Each structure stands twice: as C-alpha cells, then as structure tokens.
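Written below as structure tokens is the structure these notes are about.
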Amino acid sequence: MPARKIVHIDMDAFYASVEQRDDPRLRGEPVVVAWRGVRSVVCAASYEARKFGIRSAMPAVRAERLCPGAVFLPPDFPRYRAVSHQVHEIFKRHTDLIEPLSLDEAYLDVSQNKTGLPTATQVARAIREQVRAELHLTASAGVAPNKFLAKIASDWNKPDGLFVIQPDDVDSFLPPLEVARLPGVGTVTAEKLKSLAVQTIADLRQLELRTLEAHFGRYGVRLYELARGIDESPVIPDRPTQSISAEDTFERDVLLAETEPMIRRLAEKTWEASRKESRVARTVVLKLKTSEFKILTRSHTPSRPPSSCEELVIVALSLRERVGLDPRQRFRLVGVGLSNFLDPEDVSAQPGLFE
C-alpha cells in the first residue's frame with residue numbers, strides 16, 4: 001500500500017491574528033484574547049505577547065502580570081468561526097478529505113488532489129499562499145506520510161512555516177525527539193517512561209513490545225508504533241466531536257472535599273478547549289478515580305447548555321455531591337468533560353440554567 005500524503009495545517013495564533021488583521025492599530029502589539037477576571041484563561045496570544053511568556057490556557061491574571069501593557073480582547077467566536085469557514089473553503093479546492101481538529105487546524109489527505117499538483121509539498125505551499133493572499137493571515141503546514149508526523153511537522157517552523165518529513169527521513173528524524181512529542185504522552189506517562197530510562201524516542205525504541213504492553217496495556221502498542229513512525233489512522237472528514245475533557249492525576253491521593261480547586265482548574269481547561277468548537281455541548285461529566293483505581297463518572301444535562309466557564313464549574317461541583325462514597329475515601333484522579341454536542345440551531349431556546 002503506497003504511503004499516504006498528509007498535510008496538517010495550523011493557523012498561526014488564530015484568534016489573535018484575526019483581531020490584528022481586522023484592527024490595524026493592534027498590529028505589532030501584544031494581543032491577548034481572553035475575558036478579564038480571576039477565573040478566566042487565555043484563549044489565544046499573539047506572537048508579540050508570547051515573547052513575554054504568555055500562552056493559551058494560562059490564567060488571564062497571570063498573563064496580565066507578565067505583560068501589563070498587553071491588549072486584552074474578549075473572544076468573538078462567531079467571527080472566528082466565519083474566518084475558519086473561509087479557510088476550509090480554501091482546503092476544499094484541493095481535497096475533500098479534510099478532518100477538522102478545531103477552528104484553527106485540520107488534517108488533509110492529499111494523496112490524490114483536485115488541482116493536479118504533483119506533490120503534497122506543493123499543495124501545502126499553495127494553501128498557505130492562498131490563505132495569505134485572500135484572508136491576510138498566515139498558516140503553518142506540516143507534510144508527512146501520516147497524521148502523527150504531519151502534526152509534529154507543522155509545529156517545527158512556526159509561525160508561518162512549512163516543514164516536510166519524507167518517508168525515507170522518518171528513521172533519522174524521530175529518534176532524537178523527546179517522548180513528550182508523542183500523542184498521549186502527558187506528565188504522568190512521561191514520568192512512567194522516565195522510570196524505565198526512556199526520555200527520547202530512541203530510548204523508547206529500545207523497549208520490546210511486550211515490555212510496553214506490560215506497563216501501558218493497549219497504549220503500549222501505540223507507543224511502540226509511534227516510536228517507529230507508524231500511524232495508520234485515516235483522515236476522517238466531518239467527524240463531529242463527541243466529547244472534550246481535561247483530567248489530572250494527583251501527586252498524592254486526596255479527599256473528595258479537597259477537589260474543588262482541581263475541578264475549577266480542569267473546568268477552565270475544558271471550557272477553553274470547547275470554545276474552538278462550532279457545536280454546543282449539553283452534558284457535563286465529572287470523572288473520578290479512587291485510590292483503588294476504581295473509575296466513577298457522574299453526568300448531568302441541564303435544561304440549557306452551560307454558557308460560561310462559571311456555569312460549567314457550578315454543574316461540575318454539583319456532580320461531586322452525587323458520588324455517594326464514604327467521606328474518607330481518597331481519590332487519585334479527577335476529570336471534567338463536556339459531551340452530547342449539537343449544532344447551535346438544534347439547541348432550542350430554553351430558560352436559563354438557574355431560572
């Protein structure tokens with residue numbers, strides 16, 4: 001089977017770039033897209049703001065401390081969705097195999113393309129040029145034989161960059177990278193791998209498949225394949241988001257009564273991620289894992305979808321009251337999620353959450 005030709009397009013500082021494009025006074029300024037408030041998080045930061053250490057999902061109050069002179073703008077998601085639609089119209093000139101990840105990034109399978117360009121690199125270059133000429137925005141692109149590698153490549157020369165990983169280059173490109181570059185390797189998995197003397201992908205390649213399966217179960221197979229640049233997952237057009245969540249494993253097991261700060265922080269992360277979606281989530285989910293590794297979930301679908309991060313926090317905290325275990329029970333993980341996504345027009349006008 002011939003190798004796929006996958007392009008991953010990632011718009012550069014998308015929300016902030018749209019704001020700078022539409023208001024010339026903001027060009028060259030440190031722009032932070034975020035609501036002000038002690039519980040607000042940064043939705044996007046211009047590259048001028050990133051020089052001060054400001055990053056997406058950072059608390060807005062911390063961003064303000066890092067750069068007191070930054071221009072803070074409330075998010076305008078309808079406008080960002082409209083621009084995202086324009087970007088996708090450009091994609092469609094080249095292929096129908098488009099898998100959106102959010103408003104600002106997508107995978108494209110250009111193994112066969114509509115424009116007759118001979119290489120995926122030329123397709124990626126054409127898309128970037130059209131985005132710049134028609135929308136006055138910049139996009140970074142990664143080209144590779146699969147999705148996993150294409151996503152790494154798009155981040156390689158950001159912003160406004162293009163990076164290509166040829167099939168013959170995979171075995172020289174991957175080994176020096178840190179394992180944190182692999183999808184699904186977060187803090188906890190990275191620490192577990194470190195205990196196995198694994199810090200780079202070259203180290204990971206030294207472990208046998210059965211060893212990885214013994215420590216990571218089914219994900220061990222995935223780690224084994226990713227370390228060798230293997231990713232057979234196809235580009236799936238129009239795959240709707242089923243759920244969005246954030247979870248955290250604690251350094252020490254905690255009582256349920258002690259989880260409110262974690263729930264608030266995770267709800268903020270989930271809310272920020274959900275703002276990139278064009279669809280609306282109706283159901284709030286709370287996930288808990290006991291110190292004995294038993295997983296519990298509680299969910300609630302309010303009469304109206306949460307319309308703010310604080311409403312999400314309130315529902316998530318109320319779900320905590322439905323756990324029904326001994327107050328002395330300790331927990332090692334908590335997660336907050338949103339599910340049951342619908343198109344906005346399908347969400348009928350209903351009374352407010354607390355009316």
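The values are calculated or read from the model by the stated rules, or taken from the named source; none is laboratory data. Because the structure is predicted, anything quoted here is derived from the model rather than measured. With ideal geometry, Cβ positions are generated from the backbone for all residues, glycine too; neighbour counts draw on all protein chains shown.
The table below lists the values:
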read-out	value
Restricting the stretch 174-216 to residues that are small (Gly, Ala, Ser) and in contact (Cβ under 8 Å) with a residue 12 or more places away in the chain, the residue that is surrounded by the fewest Cβ atoms within 10 Å (Cβ to Cβ)	Gly184
All positions within the stretch 40-55 that are touching a strand residue (DSSP E or B) at 6+ places or on another chain (Cβ under 9 Å) and surrounded by fewer than 18 Cβ atoms within 10 Å (Cβ to Cβ)	Phe52, Arg55
Any chance Thr121 is in a loop (DSSP other than H, G, I, E, B) and closer than 24 Å to Thr95 by Cα	no
Residue list for the stretch 84-99, filter: in contact with a helix residue (DSSP H, G or I) (Cβ under 9 Å, 6 or more places away or on another chain) and assigned to a helix (DSSP H, G or I)	Ser84, Gln86, Val87, Ile90, Phe91
Selection count, the stretch 100-118, where residues are among the hydrophobic types (A, V, I, L, M, F, W, C), assigned to a strand (DSSP E or B) and touching a residue at least 24 places away in the same chain (Cβ under 8 Å)	2
The one condition in (1) in contact with a helix residue (DSSP H, G or I) (Cβ under 7 Å, 6 or more places away or on another chain); (2) under 18 Å from Trp271 (Cα atoms); (3) surrounded by 19 or more Cβ atoms within 10 Å (Cβ to Cβ) that Phe331 fails to fulfil	(2)
All positions within the stretch 127-148 that are surrounded by 17 or more Cβ atoms within 10 Å (Cβ to Cβ) and part of a helix (DSSP H, G or I)	Ile127, Arg128, Gln130, Val131, Leu135, Lys147, Phe148
Number of the exception - Pro75 against (1) buried (at least 19 other Cβ atoms within 10 Å of the Cβ); (2) in contact (Cβ under 8 Å) with a residue 60 or more places away in the chain	(1)
Cross-chain or 6+ apart pairs with Cβ under 8 Å, the stretch 58-72 first and in the same structural domain as Ser40 (by TED's automatic domain parsing), then among the polar types (S, T, N, Q) and in a loop (DSSP other than H, G, I, E, B)	Pro59/Ser40; Ala60/Ser40; Val61/Ser40
